[in-house]
Amino acid sequence: MLKTLVYGLYPRSEKLRRSYNRWERGMIKTEDLSEIIREEKYAFYEMMERSGIEIYTDPLFNWYDILRPIVLSMENVKLGPLTRYLETNTFYRMPEFYGIPRIFKDLTKFEQLEENPPLPAYQLDRKSLLFLPSPYSLVRMSRLEADLREDVLLRSLVDEYIKIVKAFSGRKLVLFDVFDYGKHNISYLDPLLQSTGVILIARGIPKEQNLKGLKHKFEALVADGVDRDLLNYSDSLGIKAVSAHKTKIEGASIEKKMDDSVDLITHDDYMDFLPREIADIKVEVLGKMGDTA
Amino acid sequence: MKELITQEIGSFRKPEYLARDFHKIEGTPRFKELAEKATRETLEVFERSGLDNVGIGGEMFRWEMYEHPAERIKGIIFYGMVRSFDNRYYRKGSAIDRLERREPFHVDEVNFVARSTDRPLKVPITGPYTMMEWSFNDYYESREDLAMEFARIINEELKDIQRTWDKVSGGRKLEIQIDEPATTTHPDEMDIVVESINRSVEGIDGEISMHVCYSRDYRLLYDRIPDLKIDGYNLEYSNRDLLERGLSDEKRPGFNDLKYFTEINESLQRRKFIGIGVTDVHIDYVEPVELIEDRINYALKIIKDPEIVRINPDCGLRTRSREIGEQKLRNMVAARNNVLKNL
């Protein structure tokens, strides 16, 4: 048996897309949309349970992209132009930093935002986790419009992330990385690891130079391959077994290509790049993979 | 050769009577009737605006540039909608089997438009690289393989268009525009772009142009002009430009990279023409004639030869209302006429 994880923006249902269209045209109230989002989120949680997915985050149906509500809830950050997400045909609004970011909105309460559906940032059931883009990815996907030192900016984002975790009663967190670290060191995440359990979804396979200096361990570290040395920095390892960029459905039996240190399987990017119907099937398959491995 | 030819890029907003029921009636006699009516009305708009080349009458037979051909290809299926941004979604097809053209994409449209006007036409067709980039690849081994398969299919389509054109052209030359908005999205795949486009136009006897818009770096395209079997480029410039008047480099930032284009172009044995986008299709603001004149004059300061410069909007005008679209075209033609007077 392997644990299974579904994280990040999940594709909206047809009903939800249509509701958004009506809300954008002023045909339904923000409160009504918010209620539909809430219902859809709880339907998603039921689907996770039904499919045997053990770990899942909020599906973020009220996020327009993986950065937006967090950026809009911080001072000194604005939304810039639409920008391509990696090599996809999906776009996000590039954040522009004008100073040190500070959370100034209560992410737990209903509140209207400009250029995004309303808060709360997360509506959690008994088991669901928080999801955040890693500070490293957030900064790399942004433009610095002020004379800011990158290390200072990264540390300040960690401080703000700790506040977000506290606001949601110390709920565990999936931290998502869009880019390979190269020579970048992420030991500044240590205070965040101290504050809650963190599952890191990394690109490539992190190396010693990327992790050196971390005093606390990740709960799990999911990479594009298995390296047992990563166990120095994580209680367990995970692999990516399902593609979020192909509609072809993977076989339910997973090769035992990983060693015993692997106890978590998930997908290679957040699922929002797929049609909803396909994403739902892939979730079922992922659940079965976990059972049969 | 005529100087500063004015042209449309492709799409124009569909009248409500066609847009409302498009998907419900597509493929029926009623659809044919309404698409032809909308095409005639749009050709009237283009002719009234004074355009030299009236394109394909605003693409009234097509809902969207990807979906239209993809729906007519065996081996592609649609599972549902995929997000583009915010709550904007598009139907992204999946290549699940060997691709084969099920039926022609544009032959009926070319046939009808050619018989409906005696002005020059330009037939836009979505290019192989963009078709590949906007599809899920669940069948072919590589992105290159998929792009080359789309190229084979587009070449079949272009040959059918050529055969139709020979019957209805009335002596006009065949003009084809390969639409490739995805061209420069992966800098390390420019070889695939070049090879797939060249394969698409193999054996086609006509003037072939290429349309690219909203690239982050057009120099990637300019560098490959010597390798592409393309006669000219219709590109977007105004979206990157200022709305202030002026002829300096600072006032015309959107058009600065024409210098690099010209550097490459002047080194060729046979120079390419360049269609410059002089009106931004993403804003309702109708650029005044004087501003458009400045944009054309700035381009001519760099390119110098008005015979290889054409004048067009940045992209298809489908995102603007028909009224605003027409105003933008009218101002574009008026600006071109003023510039011609002073040449």
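Against the conditions (1) more than 14 Å from chain B (Cβ to nearest Cβ); (2) within 20 Å of the chain's Cα centre (by Cα); (3) open to solvent by less than 10 Å² (accessible area, probe 1.4 Å), A:Arg68 satisfies every one except (1). Restricting the first member to region B:66-88 and to residues that are within 13 Å of chain A (Cβ to nearest Cβ) and in contact (Cβ under 8 Å) with a residue 12 or more places away in the chain, and the second to residues that are open to solvent by less than 10 Å² (accessible area, probe 1.4 Å) and part of a loop (DSSP other than H, G, I, E, B), the beta-carbon pairs closer than 6 Å and six or more apart or on different chains are B:Tyr79/A:Thr247; B:Tyr79/A:Pro275. Has region B:206-218 got any residue that is open to solvent by 20 Å² or more (accessible area, probe 1.4 Å), more than 23 Å from B:Glu263 (Cα to Cα) and touching a strand residue (DSSP E or B) at 6+ places or on another chain (Cβ under 9 Å)? Scanning region B:206-218 turns up at least one residue that is open to solvent by 20 Å² or more (accessible area, probe 1.4 Å), more than 23 Å from B:Glu263 (Cα to Cα) and touching a strand residue (DSSP E or B) at 6+ places or on another chain (Cβ under 9 Å).
Taking the criterion of being outside any loop (DSSP other than H, G, I, E, B), open to solvent by 10 Å² or more (accessible area, probe 1.4 Å) and within 14 Å of another protein chain (Cβ to nearest Cβ), the residues of region B:134-159 that qualify are B:Asn137, B:Arg143. If only residues of region B:57-88 that are over 24 Å from B:Ala147 (Cβ atoms) and out of contact with any Phe, Trp or Tyr (no Cβ under 7 Å at 6 or more places or on another chain) are counted, the one that is most open to solvent (accessible area, probe 1.4 Å) is B:Arg88. Among the residues examined, B:Glu307 qualifies as within 22 Å of B:Met210 (Cβ to Cβ), open to solvent by 10 Å² or more (accessible area, probe 1.4 Å), in contact (Cβ under 8 Å) with a residue 40 or more places away in the chain and among the charged types (D, E, K, R).
Within region B:163-176, residues that are on the phi < 0 side of the Ramachandran plot sit with their Cβ atoms under 6 Å from residues that are in a helix (DSSP H, G or I) and open to solvent by 80 Å² or more (accessible area, probe 1.4 Å), at 6+ positions apart or across chains, in these pairs: B:Val168/B:Arg115. Considered as a group, the residues in region A:254-292 that are in contact with a Gly (Cβ under 8 Å, 6 or more places away or on another chain) and at pLDDT below 90 include one that is farthest from the other protein chains (Cβ to nearest Cβ), and that residue is A:Asp291.
Number of residues in region A:2-55 that are in a helix (DSSP H, G or I), more than 14 Å from every other protein chain (Cβ to nearest Cβ) and open to solvent by 50 Å² or more (accessible area, probe 1.4 Å) equals 10. Would you please name the residue that is farthest from A:Tyr92 (Cα to Cα), looking only at residues in region B:91-105 that are in contact with a helix residue (DSSP H, G or I) (Cβ under 8 Å, 6 or more places away or on another chain) and either of a type in the set (Gly, Ala, Ser) or within 8 Å of another protein chain (Cβ to nearest Cβ) (or both)? Across region B:91-105, the extreme among qualifying residues is B:Ala95.
Once region B:35-56 is narrowed to residues that are open to solvent by 10 Å² or more (accessible area, probe 1.4 Å) and more than 30 Å from B:Leu4 (Cβ to Cβ), the residue that is farthest from the other protein chains (Cβ to nearest Cβ) is B:Glu36. Each residue in region B:263-298 was checked for being over 19 Å from B:Cys213 (Cβ atoms), under 22 Å from the mean Cα position of the chain (by Cα), open to solvent by 20 Å² or more (accessible area, probe 1.4 Å) and not hydrophobic (A, V, I, L, M, F, W, C), and 1 pass. Might you let me know whether region A:95-115 holds any residue that is within 30 Å of B:Met131 (Cβ to Cβ) and either in contact (Cβ under 8 Å) with a residue 60 or more places away in the chain or hydroxyl-bearing (Ser, Thr, Tyr) (or both)? Checked region A:95-115: no residue is within 30 Å of B:Met131 (Cβ to Cβ) and either in contact (Cβ under 8 Å) with a residue 60 or more places away in the chain or hydroxyl-bearing (Ser, Thr, Tyr) (or both).
A single member of B:Asn234, B:Asn256 is of a type outside the set (A, V, I, L, M, F, W, C) and surrounded by fewer than 23 Cβ atoms within 10 Å (Cβ to Cβ), and it is B:Asn256. Among residues of region A:275-293 that are free of Cβ contacts under 8 Å to residues at least 24 places away in the same chain, those with a beta-carbon under 9 Å from a residue that is open to solvent by less than 10 Å² (accessible area, probe 1.4 Å) at least six positions away or on a different chain give the pairs A:Glu277/A:Pro11. Here A:Arg228 meets the list (1) buried (at least 22 other Cβ atoms within 10 Å of the Cβ); (2) over 21 Å from A:Thr57 (Cβ atoms) almost entirely, failing just condition (1).
For region A:242-293, the set of residues classified as within 23 Å of A:Ile66 (Cα to Cα), touching a helix residue (DSSP H, G or I) at 6+ places or on another chain (Cβ under 6 Å) and small (Gly, Ala, Ser) consists of A:Ala244, A:Ala279, listed by residue number.
If you check B:Thr28 against the conditions, is it hydroxyl-bearing (Ser, Thr, Tyr) and under 19 Å from B:Cys213 (Cβ atoms)? So B:Thr28 fails the test.
Listed here are the residues, each with its yes/no results for (1) outside any loop (DSSP other than H, G, I, E, B); (2) surrounded by fewer than 18 Cβ atoms within 10 Å (Cβ to Cβ).
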| residue | (1), (2) |
| --- | --- |
| A:Ile239 | yes, no |
| A:Ala244 | no, no |
| A:Ser253 | no, yes |
| A:Asp259 | no, yes |
| A:Leu264 | yes, no |
| A:Glu277 | yes, yes |
| A:Gly290 | yes, no |
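Evaluate the following for B:Asp166: is it surrounded by fewer than 17 Cβ atoms within 10 Å (Cβ to Cβ), assigned to a loop (DSSP other than H, G, I, E, B) and more than 14 Å from chain A (Cβ to nearest Cβ)? Judged against the criteria, B:Asp166 is not a match.
Would you confirm, using the coordinates I've provided, whether B:Arg199 is touching a residue at least 12 places away in the same chain (Cβ under 8 Å), under 28 Å from B:Asn111 (Cβ atoms), surrounded by fewer than 22 Cβ atoms within 10 Å (Cβ to Cβ) and touching a Leu at 6+ places or on another chain (Cβ under 9 Å)? Spelling it out, it is not the case that B:Arg199 is touching a residue at least 12 places away in the same chain (Cβ under 8 Å), under 28 Å from B:Asn111 (Cβ atoms), surrounded by fewer than 22 Cβ atoms within 10 Å (Cβ to Cβ) and touching a Leu at 6+ places or on another chain (Cβ under 9 Å). Residues that are surrounded by fewer than 16 Cβ atoms within 10 Å (Cβ to Cβ) and hydrophobic (A, V, I, L, M, F, W, C) were ranked within region A:83-110; the one that is farthest from A:Ile164 (Cα to Cα) is A:Leu86.
The values are calculated or read from the model by the stated rules, or taken from the named source; none is laboratory data. Everything numeric in this text was worked out from a predicted model, so none of it was measured. Glycine also receives a Cβ, built like all others from the backbone with ideal geometry; neighbour counts cover every protein chain displayed. Calculation scope for accessible area: heavy atoms of the full protein, side chains included, ligands and nucleic acids excluded. Shrake-Rupley method; radii C 1.70, N 1.55, O 1.52, S 1.80 Å.
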